[in-house]
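Every number in this text was worked out from the coordinates using simple rules, so none of it is lab data. Predicted, not measured: the structure shown is a model, and the values here were computed from it. A quick note on method: Cβ atoms are made from the backbone with ideal geometry, for glycine too, and the neighbour counts reach across all protein chains shown.
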Amino acid sequence: MFSNYLLLKQLPDEVKRKHKIKLESKTPRFDVIAHAGYYPPLERLKSSKGQIFFNLLKTDGIINSPDNRRAGYSLQCSSPPAPIKSVNFSSIYILETTNADFIIAYGEPPQGKLLKSAKDKKGNPIQRENPFFENGNDGYLFLISQDYSTIEILIIPDGRYLIKSYAMMLIDGKLTAALETIRNIAKSFFNY
């Protein structure tokens, strides 16, 4: 069912210092600390140290769309090489649920073949290949801790068009066994 599982956490300051990660930032940084499965676009997101990290951004004031169509958050990821330093991994659409343990949400990869997310020194748009283009039909499920310190990502191959239904299945407990299985086989991603 899931092709990949990622466990992202905000690292404690002592770990950040040890690995020369910026301590204070306006946007929370989430590092991949465990994973299961294989997702080809992730290979293109690794830093020179072998880390993968994401930044969680509120979309209010960033995305110009009506509130009922705008996702609450966007998960940005680092995408070397420069000049485009980050790309949108997914918008995060939060579902109303009574689950006390997690906030459940869904999303999908960016769809265009080229990304336009920066400008050069002359103000011209910079375009670059979308690292997720070949996986554009995949769907993402997010389990976010209530304090927003941990994010779990479940990737469903070719699940884009049914991702909201999968999210409802997760809420209803129909994916609990698959979730527990993939959590149990997850391995450390980077030795922090």
Dividing the convex hull volume of the alpha carbon atoms of segment 4-188 by its residue count, what do you get in Å³ per residue? 137
From the phi of every residue in segment 123-130, what ³J(HN,Hα) in whole Hz does the Karplus formula 6.51 cos²θ - 1.76 cosθ + 1.60 yield, where θ is phi - 60° and glycine or proline is x? x, 7, x, 9, 10, 8, 4, 7
Isotropic mean projected area of the C-alpha convex hull, segment 121-177 (nm²): 6.7
All-pairs Cα distance distribution in segment 5-49, expressed in whole percent, bin size 5 Å: 5, 17, 25, 26, 15, 11, 1
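Okay, helix-only estimate at 222 nm for the chain: each DSSP H run of n ≥ 4 adds -39500 (n - 2.57), divide by all residues, round to 500 deg cm²/dmol; what do you get? Each step should come with its number before you reach the end.
On the way: 3 runs with 25 residues, N = 192.
Counting only the DSSP helices, I get -3500 deg cm²/dmol.
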If you average the alpha carbon positions of segment 157-188 and of segment 1-32, how far apart do those two centres end up, in angstrom? 22
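With +1 on each Lys and Arg Cβ and -1 on each Asp and Glu Cβ, how big is the dipole of the chain about its Cα centre, in debye rounded to the nearest 20?
On the way: 26 positive and 19 negative charges, 207 e Å.
The calculated dipole for the chain is roughly 1000 debye.
List the pairs from Lys16/Lys58; Lys164/Lys187; Lys46/Lys174; Lys18/Lys174 whose alpha-carbon separation is above 30 Å, in the order I gave them.
On the way: Lys16/Lys58 23 Å; Lys164/Lys187 28 Å; Lys46/Lys174 33 Å; Lys18/Lys174 41 Å.
From Lys16/Lys58; Lys164/Lys187; Lys46/Lys174; Lys18/Lys174, over 30 Å: Lys46/Lys174; Lys18/Lys174.
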Two-site label geometry, Tyr38 and Asn191: point separation in nm, points 7 Å out along Cα→Cβ: 2.3
Distance in nm between label sites at Glu180 and Val15, each 7 Å beyond Cα in the beta-carbon direction? 2.6
Which ³J(HN,Hα) values in Hz, rounded to whole numbers, follow from the phi angles of segment 181-188 under the Karplus curve 6.51 cos²θ - 1.76 cosθ + 1.60, where θ = phi - 60° and Gly and Pro get x? 4, 6, 4, 5, 9, 4, 10, 4
